[in-house]
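See structure below.
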Number of protein chains: 2
Amino acid sequence: MQTNTRLIRKENYEPKELNLHETLFHNANGYIGIRGTLEEGVPTDYPTMRGQYIAGTYEIIPMKQAESLCNLVEEKQTMINVCDTQTIRLSVNGEEFAPVKGGVKDASRVLDMEEGYTERTTVWKSPAGNEIRVRIRRMAHFGIKELFTIEYEVEALNFSGEAVFDSVHMPEVANYSDPDDPRLADESPCYLKSVEKGFSGNRSFSVAETAKSGVRIAVATDHTVVSESRSDSMIREEGNALITRLRVPLKQNEKIAVIKYAAFSDSIRESDPKGKVMQVLKDAMKRPLSELYLAQKEYLSDFHAHSRMEIEGDAELNDAVLFNTYQLLCAAPHDAHSGIAAKGLSGEGYEGHFFWDTEMYVVPFFVLTDPTLAKNILSFRYATLPAARENATLLGHKKGALYPWRTITGVECSGYFPSGSAAYHINGAVAYAVIQYYLATGDADFMVTMGLEILLETARLWLDTGVYDREGRFCIQEVTGPDEYTCMVNNNYYTNASAKNNLRFAADLYEQFRDRAEVKKLAARLKLDKTEIADMKKAAEKMYLPYDEAYGINPQDDSFLDKPVWDLANTPKDVYPLLLHYHPLHLYRYQVCKQADTVLSHFLFPDLQSKETMENSFRYYEKITTHDSSLSTCVFSMTASMLGLKEEALAYFGDSAKLDLMNRHENTKDGVHTANMGGCYMAIVSGFAGLRITDEGLSVNPYVPKGLSRYSFPFAYRGRRLKLTVEKNSAKLELVSGDALEFGFRDTRAELGKEEPWVVKL
Amino acid sequence: MQTNTRLIRKENYEPKELNLHETLFHNANGYIGIRGTLEEGVPTDYPTMRGQYIAGTYEIIPMKQAESLCNLVEEKQTMINVCDTQTIRLSVNGEEFAPVKGGVKDASRVLDMEEGYTERTTVWKSPAGNEIRVRIRRMAHFGIKELFTIEYEVEALNFSGEAVFDSVHMPEVANYSDPDDPRLADESPCYLKSVEKGFSGNRSFSVAETAKSGVRIAVATDHTVVSESRSDSMIREEGNALITRLRVPLKQNEKIAVIKYAAFSDSIRESDPKGKVMQVLKDAMKRPLSELYLAQKEYLSDFHAHSRMEIEGDAELNDAVLFNTYQLLCAAPHDAHSGIAAKGLSGEGYEGHFFWDTEMYVVPFFVLTDPTLAKNILSFRYATLPAARENATLLGHKKGALYPWRTITGVECSGYFPSGSAAYHINGAVAYAVIQYYLATGDADFMVTMGLEILLETARLWLDTGVYDREGRFCIQEVTGPDEYTCMVNNNYYTNASAKNNLRFAADLYEQFRDRAEVKKLAARLKLDKTEIADMKKAAEKMYLPYDEAYGINPQDDSFLDKPVWDLANTPKDVYPLLLHYHPLHLYRYQVCKQADTVLSHFLFPDLQSKETMENSFRYYEKITTHDSSLSTCVFSMTASMLGLKEEALAYFGDSAKLDLMNRHENTKDGVHTANMGGCYMAIVSGFAGLRITDEGLSVNPYVPKGLSRYSFPFAYRGRRLKLTVEKNSAKLELVSGDALEFGFRDTRAELGKEEPWVVKL
């Protein structure tokens, strides 16, 4: 089948479209992210988020509470726009290349997901009648993660003359602010102050530092010119800007190019970030650009081999899934210094904060395609365990760790704790991801060095939070589940179920690894009491999971069903999302859900309830869920698949996979919806294909939803590479590499040998 | 018996003491309040809240939320320091009178509660050895509410020479800020900007305006000199200050005095506040000061006749109750333009906001002693009914009115809504006060013009908030009761009980008055639906009042008893109040109460439960209540009295009546605890004396607690003036004026005729 590995869009140079394209055509490699802004800039009244980012770099800014209460968060981290090295102003024969002002004869944008670059091509006629073709290719390199290149090619179509490039390196730039959107921060100061800047030969360099966090950012740029004629270059400083002017003769029908290399480093990772960027440029510029392009392609070839899903019957969906998985790769950290932000590295929405979404919606993708990246994400959580312990202390806990609801450094940044810090289920999500990673990889070293400590400390928090009620049930009070339209409740079903999972695996895996030297040391360091493991087991066993006899469902929390049902049928379209139109206290008073909550827990922990109860719950909650969060429909879809509700699974799957490509929420300009991308992948893999990994091993239960004819995807499992192909009437599991295995298919056990694939009739 | 009608304190001129004395010796008359600061000022490193206030005047300042959510309050009103007319600097023979720097031979402060003034007397020896006696008497006039006078008398004791007074009128002054106390605002800008100022003859005047609220404040001052010799005066402007210099010859052993008259007015009440203050000064200065003093004394004589309680057996308590009732008078509004602030007019604590305390703790005092002042307070609530309707709308209600948790203008100022706007019981408190006022006065005109509309609109809010559960019980979800250590709960017993009372009386009194023309118009204006009254009755009848079979108590809310009990026995003293030492989410997770909640509702609505249940509740809650609020122990005391738990009643009464006099909470410097003062009065009148007024009329059930021998107090009831005297073995009810009446005594009915008192053996 044919997959469009290139996303191609016409470029009309219209303000709203440009803003959207900044996201869709951004370049990122998990370390750096560069918005797809125009090199030549846009008029000041155009909306633009002209940003370049480094994963995990941040400034600390005040977040004053309207009313001071004990231990409320009063400052937050925010991602920083680290510099501007995108700006290149071009003049031909003295006329400024400014396609936003007209003269465009043909223009397009391309994202090539096999080659790993974006490209903008514009045929432009100057006011004086000179025509040029401009092709600008940009790349954030996956191999040299500090490197960003711009290959800026110009061809004179009907004249000869001269091209003058003013290439800018600006070390101090402001963050974006959109006063209309309360979900974005409304501060837009320049967080970086230049410490050192200048030229070393023709190479510009800068070191800038934030005032409060003390994070230093080093940037260097250099250029090469590709031309048959002699060009000249001149450097200058203009205000804060370091500018390189390149004059290149233009001959009709001859392509000339300027290649701009920019390198980025930061003091979180490097002791000498300036030395680092100089070295990166030196090394990179030794190699021809074509070699860098080739390395990029090879890297991606490997990625696609391990992750490329193919879907027949819906070409758009097939393309969208490729786009999504590519975006996930662009967002994935290469080290333990950052998580995955809500918008990846594609924009400043949600201030660059990491949420539970990463563990619950994105880690499963990497666990199945590139477990090393999954491990990086979990290593970040391990690295921030001390901050999570401190957070637990601030909230009054005597032991354990509570991960922050939103963070960059691991320190809590929630301004409104009832739907922030109170969302204790973040602990359940981190624990769930650790467990999933371990079950899928069998990586015991990770467990004894990091994973187990996370599990034990999060489990301890549940022990410290919960309490046995008069009937001896373990209850968890005053927490907020995933559905933020209900806050600070008792026995949120989802939270209790995920705490049960956390407690159980913490105890079981501790016992499994207890004899290893690292674990003995860990137990001593954590002062693990012998009774604690027993306490964890008991709490897991006695965990209260609310059930309502009359409805035959699991209520979202103790009092959820006592509330009146919100009349969604008579709620006008223009008041969605509800949180922007109703006071939270009003929302809290109704049965109305922002997103899947109990329904998600049914998917994650299906053994806790009968199929009938789960179906009843599904039917109940779908009537009162607004899906105001982009994390919701994918969960409804996969739970429907699990329950055999194929029509519903398809309906909920809808085209949420195309959310960003189609800009359905009209906010893709702020950045891509990373978690939704992971969720859609799961809706296929764990939903349609029914792929699950539990402590009983791998199992599948695939079907092809109506409208599709066939889909297949590769995945990793315990050192193996496998591929599942599902057709209307049959499914096939192939072993690409690794050992034979036994796995589950529906209620049976099946075996996959090395010689030939396992095939079953559906 | 002897009552100390003068509060006398030694003045050591020490910083902390001065700050406390600023509160204890402030002057106020319900319209203006002037802190008892030193005329000559204090060194800059002394803590001081140098303030002058006008009831109900305010500025609007931003109160940004850490996280923006729909319809959260983002600005608040704050009381303003309206000017400085207190400053008078004295020099004798060129030496500045500066007792804080030493030279004090003897000094005292006096509050005379029969004469209605404060006085500071200081015998001071200058560095050069000149001795003077300075006596400064200050008065906020109850008859001319805009008038404040300072009579500044100097006597040269061992020399002759000259006194020079620099008397200052400063129109722009800053509000106080104490960065150490999060309960005080931390902004201290100058809210007023001078619009017009200068001298008219020797009379200084100023008009200043706030930037946002547009409130204008007019102030004028003038002076007379009392001296046998000729004095001269000189006026000047120095920066913003208007200064009058008065030179008065001093002869040994001759008293000379400067009398400073200051008048205040505001644009909320007056269309021409400047004209008003000029007129007030003109009129006041026509009369000798002695006549103003006499009028003040006569006003207070009337007040004391209607309110003076006499207690034998605890002289300190007797004095404290006088102090408290006097302070309540000083705080009571003379019109409908303000309520009673948490600190009255004595300081800036709680930013001058009005809370439910007024209706629940202070109105009962005025209902029994000066119903006109009670009516003023309720008229303020009537005047702000439109703002309460708007507040209800912001919170998503389709009808009804919700009074704001804290306010000056009637617009909500809560920064943290879970323990602010969510405290819907404010509606119950306002309704309760309206009902109490009506039952005690029979003021039908008030009911048909104001009271009924308040009752109907608050009752409507309950109808719009509550919902019938599956068992047909009327439930109220997601509200916060008086105990702020538990927030946003379902079926808070107190809230439901007070809503029931509100609903029932709204319906009953509507039916009682429905044929009056005003009520017919009201019903039309409110578009009162015929079914609404029936709905109110039904909701009142079906109101769910949670009861726990196992404990035989009323749980504070649906889930309260599911939570673990806070271990108060092992909580160190230095972590009280808990709210300053624990994150709110932690507090919410425990059975621990800041203050009386269910226990208060038992006192207010004793007919809802059996005596046994109420006693069980009392016993239960007393174990988990910290009394971190000054509103708590008085309630425990009166509920104990009601239940016949005399020892407990006495123990809880303790010396909370002396809270401010003894500065027990160490924050009297921020202002007096107005509500506690009302609560202590109630603990005697409604507690010890068991005085109740219900729709069945007046009843008493008095006793003398251990340690006291006798107490008596006058009170008003339906046009009558009565006096109750209680001794160990007998009680006496006398009719001072008005008609004979039938009343309840314990379970019996009694009659009080005009001829002789009713006496009963106890």
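Going by the structure shown, is residue A:259 of a type in the set (A, V, I, L, M, F, W, C) and farther than 30 Å from residue A:323 by Cα? Can you show your working first?
On the way: of a type in the set (A, V, I, L, M, F, W, C): yes; farther than 30 Å from residue A:323 by Cα: no.
No; evaluated as a whole, the condition is false for this residue.
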In the set B:601, B:629, B:617, the lone residue that is more than 20 Å from residue B:362 (Cα to Cα) and away from every other protein chain (no Cβ under 14 Å) is B:617
Condition set more than 31 Å from the chain's Cα centre (by Cα) and facing another protein chain (nearest Cβ under 10 Å), scope the stretch A:566-592, selection surrounded by the fewest Cβ atoms within 10 Å (Cβ to Cβ): answer is A:586
Residues in the stretch A:1-28 that are surrounded by fewer than 16 Cβ atoms within 10 Å (Cβ to Cβ) and more than 30 Å from residue A:725 (Cα to Cα) total 5
For helices (runs of 4 or more DSSP H) lying entirely in the stretch B:578-657, having 3 or more residues that are over 24 Å from residue A:69 (Cα atoms) and of a type outside the set (Lys, Arg) picks out B:598-604, B:611-622, B:633-642, B:646-653
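Would you check which residues across the stretch B:704-726 are surrounded by fewer than 18 Cβ atoms within 10 Å (Cβ to Cβ) and in contact with a strand residue (DSSP E or B) (Cβ under 7 Å, 6 or more places away or on another chain) and list them? Give the steps one after another, and end with the answer.
If we filter the stretch B:704-726 for residues that are surrounded by fewer than 18 Cβ atoms within 10 Å (Cβ to Cβ), which is where we start, we get B:706-707, B:709-710, B:718-721, B:723.
Those that are surrounded by fewer than 18 Cβ atoms within 10 Å (Cβ to Cβ) and in contact with a strand residue (DSSP E or B) (Cβ under 7 Å, 6 or more places away or on another chain): B:709, B:710, B:720, B:721, B:723.
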Of B:740, B:649, B:689, B:675, the only residue that is under 30 Å from residue B:10 (Cα atoms), touching a Leu at 6+ places or on another chain (Cβ under 9 Å), at pLDDT 95 or above and aliphatic (A, V, I, L, M) is B:675
Residue pairs within 9 Å by beta carbon, gap of at least six or interchain, first lying in the stretch A:721-744 and on the phi > 0 side of the Ramachandran plot, second part of a strand (DSSP E or B), listed first then second, are A:738/A:716; A:738/A:717; A:738/A:720; A:738/A:721; A:738/A:722
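Residue check: is residue B:547 of a type in the set (Ser, Thr, Tyr), touching a residue at least 40 places away in the same chain (Cβ under 8 Å) and surrounded by fewer than 19 Cβ atoms within 10 Å (Cβ to Cβ)?
On the way: of a type in the set (Ser, Thr, Tyr): yes; touching a residue at least 40 places away in the same chain (Cβ under 8 Å): yes; surrounded by fewer than 19 Cβ atoms within 10 Å (Cβ to Cβ): yes.
Answer is yes for this residue.
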Out of (1) under 26 Å from residue B:217 (Cβ atoms); (2) without any contact (Cβ under 8 Å) to a residue 12 or more places away in the chain, the one residue B:36 does not meet is (2)
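Can you find, within the stretch B:151-187, the residue that is surrounded by the fewest Cβ atoms within 10 Å (Cβ to Cβ) among those that are at pLDDT 95 or above and small (Gly, Ala, Ser)? Before the answer, list the steps.
First pass over the stretch B:151-187, keeping only residues at pLDDT 95 or above: B:151-173.
Then keep just the ones that are small (Gly, Ala, Ser); that gives B:156, B:160-161, B:163, B:167.
Working: B:156: 23, B:160: 13, B:161: 15, B:163: 25, B:167: 27.
It comes out as B:160.
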Counting only residues in the stretch B:552-565 that are within 10 Å of chain A (Cβ to nearest Cβ) and farther than 19 Å from residue B:626 by Cβ, the one surrounded by the most Cβ atoms within 10 Å (Cβ to Cβ) is identified as B:559
- Query: Does the stretch B:495-504 include one or more residues that are within 14 Å of another protein chain (Cβ to nearest Cβ) and either farther than 20 Å from residue B:392 by Cβ or not aromatic (Phe, Trp, Tyr) (or both)?
  - Reply: yes
Of the residues in the stretch A:745-762 that are without any contact (Cβ under 8 Å) to a residue 60 or more places away in the chain and not in a strand (DSSP E or B), the one that is nearest to the chain's Cα centre (by Cα) is A:746
Filtering the stretch B:78-134 down to residues that are β-branched (Val, Ile, Thr) and farther than 30 Å from residue B:408 by Cα yields B:88, B:92, B:100, B:104, B:110, B:121, B:122, B:123, B:132, B:134
Only unsatisfied item for residue A:488, checking (1) touching a Pro at 6+ places or on another chain (Cβ under 9 Å); (2) more than 10 Å from every other protein chain (Cβ to nearest Cβ), is (2)
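Per-residue answers, yes or no, for (1) assigned to a strand (DSSP E or B); (2) away from chain A (no Cβ under 14 Å):
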{"position": "B:53", "(1), (2)": "yes, yes"}
{"position": "B:66", "(1), (2)": "no, no"}
{"position": "B:73", "(1), (2)": "no, no"}
{"position": "B:78", "(1), (2)": "yes, no"}
{"position": "B:86", "(1), (2)": "no, yes"}
{"position": "B:110", "(1), (2)": "yes, yes"}
{"position": "B:114", "(1), (2)": "no, yes"}
{"position": "B:128", "(1), (2)": "no, yes"}
The lone condition residue B:485 fails out of (1) touching a Cys at 6+ places or on another chain (Cβ under 7 Å); (2) among the hydroxyl-bearing types (Ser, Thr, Tyr); (3) within 23 Å of residue B:389 (Cα to Cα) is (3)
For residue A:384, the lone unmet condition from (1) within 13 Å of chain B (Cβ to nearest Cβ); (2) within 18 Å of residue A:459 (Cβ to Cβ) is (1)
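Of A:99, A:127, which residue is free of Cβ contacts under 8 Å to residues at least 60 places away in the same chain and assigned by TED's automatic domain parsing to the domain that holds residue A:216? Even if it seems obvious, please write down each step before you answer.
Working: A:99 fails: free of Cβ contacts under 8 Å to residues at least 60 places away in the same chain.
Testing whether each residue is free of Cβ contacts under 8 Å to residues at least 60 places away in the same chain and assigned by TED's automatic domain parsing to the domain that holds residue A:216 leaves just A:127.
The values are calculated or read from the model by the stated rules, or taken from the named source; none is laboratory data. It should be emphasised that the depicted structure is a prediction, and the values quoted were computed from it without experimental measurement. Note that each Cβ is placed from the backbone with ideal geometry, even for glycine, and that neighbours are counted across all protein chains shown.
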